[in-house]
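Down below is the structure, laid out as structure tokens.
The values are calculated or read from the model by the stated rules, or taken from the named source; none is laboratory data. Predicted model only: the values in this text are computed from it and were never measured. Here Cβ is always computed from backbone atoms with ideal geometry, including for glycine, and neighbour counts include all displayed protein chains. Just so you know, the surface numbers come from the protein's heavy atoms only, side chains and all, with ligands and any DNA or RNA stripped out. Shrake-Rupley method; radii C 1.70, N 1.55, O 1.52, S 1.80 Å.
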Amino acid sequence: TLNWLAEAAGTAGGSLGPVAFAGGIRAETPIAPAHLDAQRTEAGIRLTWIRRSRLDSDGWEGEEVPLDEDIEAYQVEIVGDGGVVRMMGVTTPQAIYADAMEIEDFGTPQAAVRFRVRQRGSRVALGVPAERMIVL
């Protein structure tokens, strides 16, 4: 919770406040992962992404940002023309969409994959989604 003072631009004094503001539920929602990627491998399509964080995540050293949830977990959705065709839960910033799953979901190997990733949260169940279509 932060205390805010509000004052109209160009005025002298007459501020409103202090007003306590906690940020609401959006401030507790996990941020969408970044840099979604996919590559076809012998095991299937390897989906990867970079976890993001609200906590101490402004470093320029290139190190992984600290985890700001109790556990690291993601919901991965494979998206077809009619919507989500498969959901997977994973605990690392990658998933394997196995060849057998792809055949079960689409009938044949696909030339591209569209997938969506959300980080799971302790205060808000599912974070903001990141979605990408990648030609394989």
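Data for the structure
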item	result
GNM result for the chain, Cα springs below 10 Å: residue of 64, 102, 28 fluctuating most strongly	64
Measure of compaction for the chain (Cα Rg per 2.2 N^0.38 Å)	1.42
HN-Hα J in Hz across the range 74-85 - Karplus 6.51, -1.76, 1.60, θ = phi - 60°, x for Gly and Pro	9, 10, 10, 10, 8, 10, x, 4, x, x, 6, 9
Square roots of 5 times each gyration tensor eigenvalue, C-alpha, the range 88-136, largest first, Å	25, 12, 9
Sparse-neighbour loop sites [chymotrypsin sites (Phe, Trp or Tyr not before Pro); the range 7-84; at most 12 other C-beta within 10 Å; DSSP]	60
Accessible surface of the chain, 1.4 Å probe, proportion on carbon and sulfur as whole %	54 percent
The chain - mean residue ellipticity at 222 nm from DSSP helices (-39,500 (n - 2.57) per run, n ≥ 4, rounded to 500)	-1500 deg cm²/dmol
Given charges at beta-carbon only (K, R positive; D, E negative), |dipole| of the chain in Debye	360 debye
Inter-part distance where the range 85-108 and the range 1-79 are each reduced to a Cα centre, Å	26 Å
Mean Cα-pair separation over length for the range 8-123, i.e. relative contact order, pairs under 8 Å, 6 or more apart, %	27 percent
